[in-house]
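Chemist: First the structure, then my questions, so here it is.
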Amino acid sequence: MKTQVEEKFSDFYEKWMDHLEHLLQLLLLVSRDGHSQEAAYLQSMVNKLTAHHKEYYTFKWAAAHEDVLAFFAPVWLSPLENAYLWVTGWKPSTVFRVVESLRGAQPAAGGGVRLSGLTEEQVKKIEALRVKIKLEEERVEREMERQQVGMADRKMVELATLERQAKKNGGAAAVAQVNGLVEVALKGLLAGLEKVMKMADCVRLKTLKGMLDILTPTQCVDFLAAASMLQIQLRKWGKKREEKSLLITVKTM
């Protein structure tokens, strides 16, 4: 059974992904003849995508403040999507893999997305951004490790022992007192998880902004189209596999 936050965010995410797919179709249309479009129009398409992503993080942070644990085991994602999560979202360094793939892509029959025309200066800036983001990722991972190790520090071990003893030998007052201490400790742990989640999200946003600042409007459209397509297809593949597994389970019952 879903919690209230899980229900609310599941509904939001479905609508958000539907709108992302709508924006992708617009991006693909622009991408096919992007060189004939005015820079102002191309930039307006980029702005729509970035605004869509900002909406996601605004809603996410508000929901996570109510229940951060929901984002570390999101029920609105398929197992396949969950397998590729990095601290509640996509790993920032995957952006550079997308760019590399697009640079080497050949135009598909009927028109495919590819990233061409990168200057030597752009390539240098992308590499500098890659190094910077790698350091940021490592900082987030160290903080996440610190939070995980904190679960087993002396204070938490002592609380686990006290709670067991209180339930075994103590009265209701003793149990209530220990439960109060546990609640305070868990509140601190959850605040730490919320902090590291926001750190990771900020790196994601910084990566996206950094890449868009380097690329031309036409290149931005191609990059955003490819990144959106990957996210949408991963979800479709995950759902398809989940439905197939469920069907097999039903047949064997």
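Chemist: With a Förster radius of 30 Å, plug the Cβ-Cβ distance of Leu135 and Asn82 into 1/(1 + (r/R0)^6) and report the FRET value to the nearest 0.05.
Modeler: Given R0 = 30 Å and the Cβ-Cβ separation, E is 0.70.
Chemist: Another one. Grab the beta carbon distance between Lys15 and Glu120, set R0 = 51 Å, and tell me the FRET efficiency rounded to 0.05.
Modeler: Plugging the Cβ-Cβ distance into 1/(1 + (r/R0)^6) gives 0.75.
Chemist: Assuming 0.36 nm per residue, please report the length gained on full extension of the stretch Leu230 to Trp61 beyond their Cα-Cα distance.
Modeler: 58.5 nm
Chemist: Something else now. Shape call for the stretch 1-78 from the C-alpha gyration tensor, a ≥ b ≥ c root eigenvalues: rounded (a/c under 1.5), prolate (a/b greater than b/c) or oblate?
Modeler: prolate
Chemist: Next up: Can you tally the net charge around Glu242? Count Lys and Arg as +1, Asp and Glu as -1, for every other residue whose Cβ sits under 14 Å from the Cβ of Glu242.
Modeler: Residues close to Glu242 contribute a combined charge of +4.
Chemist: Okay, moving on. Would you list, by chain and number, the lysines whose Cα falls below 19 Å from the Cα of Lys132, excluding same-chain residues fewer than 8 positions away?
Modeler: Counting by Cα, and skipping residues close in sequence, Lys132 has these lysines nearby: Lys91, Lys124, Lys198, Lys206, Lys209.
All of the numbers you see were taken from the coordinates with simple rules; none came from a lab. Given the structure is predicted, the values throughout are model-derived calculations rather than measurements. Neighbour counts are summed over all protein chains in view; Cβ atoms, including those assigned to glycine, are modelled from backbone coordinates with ideal geometry.
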